[in-house]
Amino acid sequence: MRCGWLVTCVLLLAVSVMVACTQAAALKGVKVGDQAPDWSNIIGVDDKRHSLSDYADAKLIVLVFTCNHCPVAVAYEDRLIQLQKDYKDKGVQVIAVNVNNIPEDRLDRMKIRAQEKGFNFPYIYDPTQKMGHDYGALVTPHFYVLDQQRKIAYIGALDDNNNPERVKAQWLRNALDALLANKPVELAETKARGCTVKYE
């Protein structure tokens, strides 16, 4: 009996390790300096199909994986709107993408949220979750800055605090300012914070 229990435990542990390794491999994603994975034909809240190539004129792209239900993602909505206002005339395009398929995060709810908040950037929906896997998005929000050659120039969080009144470090804005000035990004990767992406 003891031997059978031990074998069962070992098998369960092996399966857990295999699942963890498989998930890690599936979410390997990109590193700073990598070419940004291409994407196309992704539906938006405007009912149009969006592709990375649609934004060829943008000097920089801020791609953020976000959603409706996560309180951390919600806490950053106003900052995303302000970011697009502040950097639009500098050639920066914010694009928000949702890959969660839970009811609160599907396209119909996205449309309502975008209308309520007055999003001034595309909010697109990839139910296949391929974009999330390709980039390696782990949480909402998770930010990626694509430079003019569409290489990954920054990965991580927008800033250092979910509470806007307590922010001391503007990591993403610093990255954008450096890139726009043709300078290297001093801190090109930070730890993203938020709710886990709901991969299936």
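The values are calculated or read from the model by the stated rules, or taken from the named source; none is laboratory data. A quick note: this is a predicted structure, and the numbers were derived from the prediction, not measured. Every residue, glycine among them, receives a Cβ derived from its backbone with ideal geometry; neighbour counts consider all protein chains shown. For the accessible areas, the whole protein counts, side chains as well, though only heavy atoms, and no ligand, DNA or RNA atoms are used. Shrake-Rupley method; radii C 1.70, N 1.55, O 1.52, S 1.80 Å.
Things worth noting here:
- Residue pairs whose Cβ atoms lie under 6 Å apart, sitting 6 or more positions apart in sequence or on different chains, and linking a residue in region 141-166 that is over 23 Å from residue 54 (Cα atoms) and among the aliphatic types (A, V, I, L, M) to a partner that is in a helix (DSSP H, G or I) and open to solvent by less than 20 Å² (accessible area, probe 1.4 Å), are 158/172.
- Annotation: residue 179 fulfils all but one of (1) surrounded by 20 or more Cβ atoms within 10 Å (Cβ to Cβ); (2) within 21 Å of residue 29 (Cα to Cα); the unmet one is (2).
- Those residues of region 151-176 which are open to solvent by 30 Å² or more (accessible area, probe 1.4 Å) and over 24 Å from residue 69 (Cα atoms), in sequence order: 151, 168, 170, 171, 173, 174
- Looking across region 40-67 at every residue that is β-branched (Val, Ile, Thr) and in a loop (DSSP other than H, G, I, E, B), the one that is most open to solvent (accessible area, probe 1.4 Å) is identified as 45.
- Filtering region 171-188 to residues that are part of a helix (DSSP H, G or I) and either of a type in the set (Val, Ile, Thr) or touching a Pro at 6+ places or on another chain (Cβ under 8 Å) (or both) leaves only 178.
- Selection status of residue 157, of a type outside the set (D, E, K, R), in contact with a Phe, Trp or Tyr (Cβ under 7 Å, 6 or more places away or on another chain) and more than 15 Å from residue 36 (Cβ to Cβ): yes
- Check on residue 7, modelled with pLDDT of 95 or more and open to solvent by less than 80 Å² (accessible area, probe 1.4 Å): no
- Scanning region 68-83 for residues that are surrounded by 15 or more Cβ atoms within 10 Å (Cβ to Cβ) and over 20 Å from residue 182 (Cα atoms) yields 68, 69, 70, 72, 73, 74, 75, 76, 77, 79, 80, 81.
- Residue satisfying all of: in region 49-97; touching a residue at least 40 places away in the same chain (Cβ under 8 Å) and among the polar types (S, T, N, Q); nearest to residue 143 (Cα to Cα) among these: 66
- Taking region 41-56 as the range and being over 11 Å from residue 124 (Cβ atoms) and among the polar types (S, T, N, Q) as the test, only 53 passes.
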